[in-house]
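A short write-up of the structure that comes next.
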Amino acid sequence: MECGSLPAGVRARAMSATWARAWLRASAAAVAEQRAWLTDLDAAIGDGDHGINLDRGLRRVLEALDGAETLVLPTGDLLEWAGRVIMGSVGGASGALYGRALQRAGGTLRAEAAAAAEPRDPPAPDGTSAPAGVQRAGPGRGPGDVVGRGPGDDPDGPSSSGPRNGAGDRVRVLVLAFDAAVEAIGALGRASPGDKTMLDVLVPASLALRRSMSEGDDVPAALSQALGAAALGLEATRPLVARRGRASYLGERSAGHLDPGAASSLLLVRALVSTCPDLPRDRRLPGD
Amino acid sequence: MLIQLVVYEAGSAPRDVVTRHPGGLGGTVVGLVLVAHSPELVRGLRAMVAQAAPGVPVGLAAGSAHGRLGTSAPRVLEALQETLAASRGDGAVVLVDLGSATMAVEIALEEATEAERRLTRLSGGPIVEGAILAAVEAAAGAGLDGVLAAADGAAVVPKLPGDERG
């Protein structure tokens, strides 16, 4: 488990804030590095600004990621915050879609964390006796909030739920969060798989995650499956005729090109895998 | 032309300013909100609307937060609230240029109050023709659904000589 050793009977979160922050950083780096690629794809069948817009939004996230306000956020709140930043700064359809997706995924993780923290057993020691650290002021302090922690600590901390099947439950929660993101994009964008959009990467990825869950895979294995499906999904957009977005105005001429939204989605999924804290050495991705 | 009346009653403070539109009954004036990717486009369109139907409130929401081409949900909400205030409870019809602008409108409506949502209609009609036809209806005192119908129906209004409506 990622937070070092936890007290017995304590279940780690599906996605720690540490991992979430690493993912956001890696996503920003990947999009910045592949900006020209995304721009070229969007120039071919869109208005050419997907790379620029997404890069700008993720840079904005990066800039504020180490600020005092965001350092204390648990995962769900952090992703909701990132979603708001992206929605406000990326612009265009992708800002709205990725922004909404992150908000819904974050909301799901937050709800799951709250449900998990309802005491069933006597609360496990949660570090309140730790040396002086950041105290979070304000109303509504709950189990997920930072209490008496040092700056390097994970704001999620251990939860105080009883013993569960740790790995299986973590995959379950990841599946729920991923599904929430996919559902948000489909609803807001009125898109379905096959329309030549980011869903053509994200839906196969979510299905692979779900399949992995039913086969009892752990988080790294499930994510590897998701990445494989995502990569195939991107290539599968090439022959499609766009039915949504700016590319749909091109009709048949959109066929023969990869979809830029699907391409950026793949980058984000890849970043999720490469930053997964439990990834064994032999599953690390080239270049990581 | 707007005619502004201030009514005094003997011994009392002036009543509120009453704004009457020549065509409207009781001052009904549904507003329009123009949501597009280009600020220049909507500014020009608002000028056209002012010429065709003076007195109709028109809110603008165009350009991204960075002033580039694009749409911004917060700006849409702001423009909607301004227009609803100017239309004093008669409501507003929102017009959009492309599909992605619809997302900004939907997000804005989610942030709006229930009352604001009830007074707003989103038209799928073409933004230029729809705005003009809708504004003319609004200036004539049509209610919210009448103005929406005008905007929605703009796509089939014939433009070319020889195109006659059945």
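Annotations for the structure displayed:
- Three principal axis lengths of region A:54-105 [C-alpha, angstrom, descending]: 30, 21, 12
- Volume per residue for region A:165-288 equals 97 cubic angstrom (convex hull of Cα atoms).
- The mean number of partner chain beta-carbon atoms within 10 angstrom of a residue's beta-carbon across peptide B:97-109 is 5.
- Against the empirical 2.2 N^0.38 Å (N residues), region B:29-99 has a Cα radius of gyration ratio of 1.04.
- From the Kirkwood radius over Cα pairs of region B:90-129, Stokes-Einstein at 10 °C and 1.306 mPa s returns a whole-number translational diffusion coefficient of 149 µm²/s.
- When you count the other C-beta atoms within 10 angstrom of each residue and take the mean per peptide, B:52-64, B:91-103 line up highest first as B:91-103, B:52-64.
- Rg followed by Dmax, in Å, when region B:29-156 is reduced to its Cα trace: 12.8, 37
- The phi-based Karplus calculation (6.51 cos²θ - 1.76 cosθ + 1.60; θ = phi - 60°) puts the 3J(HN,Hα) values of region B:130-144 at x, 4, 5, 5, 5, 5, 4, 4, 5, 5, 7, x, 5, x, 4 Hz, whole numbers, x for Gly and Pro.
Bear in mind that the values in this text are calculations on the coordinates, not laboratory data. This structure is a prediction, so every number in the text was calculated from the model and none was measured. All Cβ positions, glycine included, derive from the backbone under ideal geometry; neighbour counts span all protein chains shown.
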